[in-house]
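Trainee: One structure coming up, written as structure tokens, with questions to follow.
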Amino acid sequence: MITMIKTSMKLLLRTKAFWFFLILTPVLSTLVLKSQFDSSAAYMQKDDGTVIELSGADDKVAYNGGNGEYLVKVYDASKSWLSEEMLKMLARSGMYMICRCDLSGQGEVFTDDFTQTHMKRDGFEDRMGAALYIYPDFGSAESADKMAESIKLYALSDDERTDLLKEDIGFFINGAASDPEGFTDALGSVYENKTVISVSGKAGSTLTAEQVNHKTQIGYAFAFMTLGFVFCGVFVAHAAINEQKNGVFTRIGLTKAGPVQYFASKLVTAAIISLMSTAVMGVCSVIISTEDLGMSRGKYLLMIFLLGLIFSSVSMLLGILIGDVMGANVAAFSVWCLSALLSGLYFPLDDVSDMIRMLASLMPQKWFLNASEMIITGDNSAFGMVLCITAIYLCVVISTGSLGIKLRRISEWGNS
């Protein structure tokens, strides 16, 4: 078996495309982990009573909803203590999802051109219940009438909750005009004692915005790394396919080495490839600090190796069973695309159907992404989970591969 492993490795090391995937995908994964971006708006829970901050007035708010929430886009040119308290009250009421873009300090921003442009964009290119414009003098208004004049509300849907929004804004204005500090203090005590019952809770830990960004970056890195693992496994399958066509597999069958030993040699080769790719990732990760990863470098590389072991062996198995180079390439790319899409590496799967959730549970990336979340929050029991997942997939690969090679050998004998 050692001779077969050496022969397979020699063939791989002579393949230029193998080196391309072996080096490129770890580099791309490193660049993703090194880059800094904020994805908390899409991944964090939206029902926590906080105001979602937008980076600019042109940002769309439709991406923040998913369960029929009443979205309110706020153009806040005041950014005063009073406007802050009003938006907090609306967000904590549980009726609305408040998304604010900060326009304070920009002078007179609500010109006719600005209003018409954004009203058209909000109405036709976005999805929201209403748009709220808070003028700069809102925080300095001394009466309820002046406060009301400093706010403009535009209804952008026929949702009946628009009337409730108007009433809540009016309630705040009247209360704040009479006794601003006393009224806001009373509101704060009410919401502090409020019990929130979640009827659609998600599995997993509660993450901060920084931890969510770490999890998202790791998910994108997993997507690139699995691409490399899948095609490196396909190159092992290419060698096996050529051996079958050239009669090498038949000659091996005539020796003491049976189909199980033959498949085991290919599996060990896939494991060596995974180890090599993980080593390249380890070298590249030197430029990444543990703060950027959200976990220790050793834990991250261990997960990369186990994930690579799964995907390189699965793609190798598909290629050997298909028995065709082009079919193996198509199958490998399909496995990578569908598994990454259904596992939640690109976007959260909180609002998908039960069927999609069931399919997602079959994808190894989903379990590794959950393990990353557990490790980020300090739960080291994640390693037991990923080891069990890896063992289960390898058992399936070994049993299926051994049986498939035996059937192929019987088929070759029958044809001869």
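Trainee: When the solvent-accessible surface of protein heavy atoms is calculated with a 1.4 angstrom probe, in what order do D113, D59, D126 fall, highest first? Write out the running numbers ahead of the final one.
Mentor: Values: D113 110, D59 50, D126 25 Å².
The most accessible residue leads, giving D113, D59, D126.
Trainee: Here is a further query. What is the calculated FRET efficiency for V286 to K120, with r their C-beta to C-beta distance and R₀ = 51 Å, to the nearest 0.05?
Mentor: The formula returns an efficiency of 0.55 here.
Trainee: Also, quick follow-up: Convert each backbone phi in region 164-171 into a coupling constant with the Karplus relation 6.51 cos²θ - 1.76 cosθ + 1.60 (shift: θ = phi - 60°), then list the ³J(HN,Hα) values in order as whole Hz, x for Gly and Pro.
Mentor: 5, 4, 4, 5, 5, 5, x, 4
Trainee: Does region 261-398 come out rounded, prolate or oblate by the C-alpha gyration tensor, with a ≥ b ≥ c the root eigenvalues, rounded set by a/c under 1.5 and, if not, prolate when a/b is larger than b/c and oblate if not? Write out the running numbers ahead of the final one.
Mentor: Working: a/c = 1.80, a/b = 1.22, b/c = 1.47.
Cα axes put region 261-398 in the oblate bin.
Trainee: Okay, moving on. List the relative contact order of region 67-160 as a percent without decimals, with contacts defined as Cα pairs under 8 Å and 6+ residues apart.
Mentor: On the way: 139 pairs, mean separation 34.0, N = 94.
Averaging sequence separation for qualifying contacts and normalising by length gives 36 percent for region 67-160.
Trainee: Which of the residue pairs K10/K299; K16/K366; K10/K366; K120/K152; K60/K166 have a Cα-Cα distance greater than 25 Å in the structure shown?
Mentor: On the way: K10/K299 30 Å; K16/K366 31 Å; K10/K366 34 Å; K120/K152 16 Å; K60/K166 22 Å.
Going by Cα-Cα distance, K10/K299; K16/K366; K10/K366 fall outside the 25 Å limit.
Trainee: Can you tell me the FRET efficiency between L387 and K6 if r is taken as the Cβ-Cβ distance and R0 is 41 Å, rounded to the nearest 0.05?
Mentor: Numbers: r = 29 Å, r/R0 = 0.70.
Computed FRET efficiency for L387 and K6: 0.90.
Trainee: Excluding ligands and nucleic acids, what accessible area in Å² is computed for F333 using a 1.4 Å probe, to the nearest 10?
Mentor: The accessible area of F333 comes to roughly 100 Å².
Trainee: Could you order S80, S8, S296 so the one with the most accessible surface comes first? Probe is 1.4 Å.
Mentor: Largest accessible area first, the list is S296, S80, S8.
Trainee: Could you look at region 264-407 and say what percent of its accessible area is carbon and sulfur, using a 1.4 Å probe and all protein chains?
Mentor: Its accessible area is 77 percent carbon and sulfur atoms.
Trainee: At 1.4 Å probe size, with every protein chain present, just tell me what the per residue accessible area of region 267-387 comes to in Å².
Mentor: On the way: 4860 Å² over 121 residues.
The answer is 40 Å² per residue.
Trainee: Among R100, R297, what's the order by accessible area (1.4 angstrom probe), most exposed first? Before the final figure, lay out each step's value.
Mentor: Details: R100 0, R297 75 Å².
Result, largest first: R297, R100.
Trainee: Provide, for q = 0.13, 0.16 Å⁻¹, the log10 of I(q)/I(0) from a solvent-free Debye sum over equal Cα point scatterers in region 261-341.
Mentor: Summing over Cα pairs of region 261-341 leads to -0.51, -0.71.
Trainee: How much accessible surface area, in Å² rounded to 10, belongs to the heavy atoms of E149 with a 1.4 Å probe?
Mentor: Surface accessible to solvent at E149 totals approximately 130 Å².
Trainee: Pull out the extension gain between L164 and I23, defined as 0.36 nm times the separation in residues minus the alpha carbon to alpha carbon distance; nm, one decimal.
Mentor: 45.0 nm
Trainee: Let me ask you something else. Could you compute the FRET efficiency for D112 and D379, with r as their C-beta to C-beta distance and R0 at 45 Å, rounded to 0.05?
Mentor: Calculated transfer efficiency: 0.25.
The values are calculated or read from the model by the stated rules, or taken from the named source; none is laboratory data. A quick note: this is a predicted structure, and the numbers were derived from the prediction, not measured. Positions of Cβ are generated from backbone atoms using ideal geometry, with glycine treated the same way; all protein chains shown enter the neighbour counts. What goes into the accessible areas is simple: the full protein's heavy atoms, side chains included, and nothing from ligands, DNA or RNA. Shrake-Rupley method; radii C 1.70, N 1.55, O 1.52, S 1.80 Å.
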